[in-house]
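Worksheet for the structure shown next.
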Amino acid sequence: MIFGIKERDGVAESAPGLANIDADKEMRRIEDIAMRGLDPRILNIHSRAIAGFSDGPVILMRIPKSFMSPHAVLQPNGDWVRFYTRSSRNNQILDIPQIRSAFLMSESLSDRMQKFQRERLARIIGGETPIPLPEGVKLVIHALPFTAFDPTSQTDIARAAEKLYGNIKPPFSFDWNGCYNLDGYLAFDKCNYAQIYRKGIVEAVGSYRAINESINKDSLGGTCIEKSILCALADYLDCLKLLSIEPPISLMLALLNVKDKFFVNSYSEPPARIDRGLMILPELTIQDIDTSELDILLKPTLDILWQSCGYQESPNYDENGRHISR
């Protein structure tokens, strides 16, 4: 969006700039309107003032494509809410059928992301993976940038080798290799892998190996799995940030082959056992790639993970809702 352009009938005629303004204050004002006057908000808006025009500076505003549409325009005192669309020459208020259609189109994106996860889980269960995986319990992580479902988006994996090698690693892995493949870039060891697709999607599969199976072959180290989830997702989000992939990003978690398994907590018998072989946890959509509070955002999901075995919540959080390293 450009401020300071004269137009006639929707066609730019000249660029005199904006007269009698403080460019910094004006940019803050416009960004504040965009932040506070829309619901849901649009993040990562960037503005820049360009001097040298006859009447004053021209302001360029970069507004990233939103995958959370439609956005309501809020009147400051709360008297009304409206939805707009942009035609070739002006703005138009959406009527009720158009608003309904806009919401249905937005929901289809969530459906496509869930369909992607289900299809990939089916292939993993069927053994269609980049490397052969052993039998047993598996942790499956997906990080799905909304931009990956935009047909026009593409991530240049070939130029990102140095960034990827140290920042993307498989779950439960301590020593891994990396290489390009048909789908993008693969980090792997003998039992685990992390695949980053050319659209920026990350898929990671970790084969769980019990530290001490003599305790009970059905027991799972819940704290170990929880910590692996947090560490892996922090690495993958950092990787996506290095690749200049912008949020929102949907985080999806699943456990395979966990029927009748249970999480141990100080090696005590759990209240219950997992009642299904495939456990898909609720997805989490993040609006900002800030891994410093990732543990807070993931707490409700990790609580559900432990509730699958009858516990009230994860035992690895303090009274402030921060994860405790054990």
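One table, with the values for the structure above:
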quantity: Between 0 and 90°, nearest 10: helix 294-307 axis offset from the chain longest Cα axis; calculated: 40 degrees
quantity: Proximal aspartates and glutamates relative to LYS261, as straight alpha-carbon distance under 18 Å, when same-chain residues fewer than 8 apart are discounted; calculated: GLU135, GLU213, ASP218, GLU226, GLU269, ASP275, ASP303, GLU313
quantity: Long pairs among LYS259/LYS299; LYS199/LYS241; LYS227/LYS299; LYS115/LYS241, criterion Cα-Cα beyond 19 Å; calculated: LYS259/LYS299; LYS115/LYS241
quantity: Sorted by Cβ density within 10 Å, fewest first, the residues ARG123, ARG8; calculated: ARG8, ARG123
quantity: Hz values of 3J(HN,Hα) by residue in region 128-136 - Karplus curve (6.51, -1.76, 1.60), Gly and Pro given as x; calculated: 8, 10, x, 9, x, 10, x, 5, x
quantity: Entry for Rg and Dmax of the Cα atoms in Å (calculated from the structure that is shown) out of [x] 37.0, 144; [y] 19.7, 60; [z] 24.0, 80; calculated: [z]
quantity: From phi via Karplus (6.51, -1.76, 1.60), per-residue ³J(HN,Hα) for region 224-232 in Hz, x at Gly/Pro; calculated: 4, 5, 4, 5, 5, 4, 5, 5, 5
quantity: For TYR317, distant residues with modelled amide H under 5 Å away; calculated: ILE324
quantity: HN-Hα J in Hz across region 142-149 - Karplus 6.51, -1.76, 1.60, θ = phi - 60°, x for Gly and Pro; calculated: 10, 10, 10, x, 4, 5, 5, 9
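Since every read-out is calculated from the coordinates, none of them should be taken as a lab result. Note that the structure is predicted; figures quoted are calculated from it, not measured. A quick note on method: Cβ atoms are made from the backbone with ideal geometry, for glycine too, and the neighbour counts reach across all protein chains shown.
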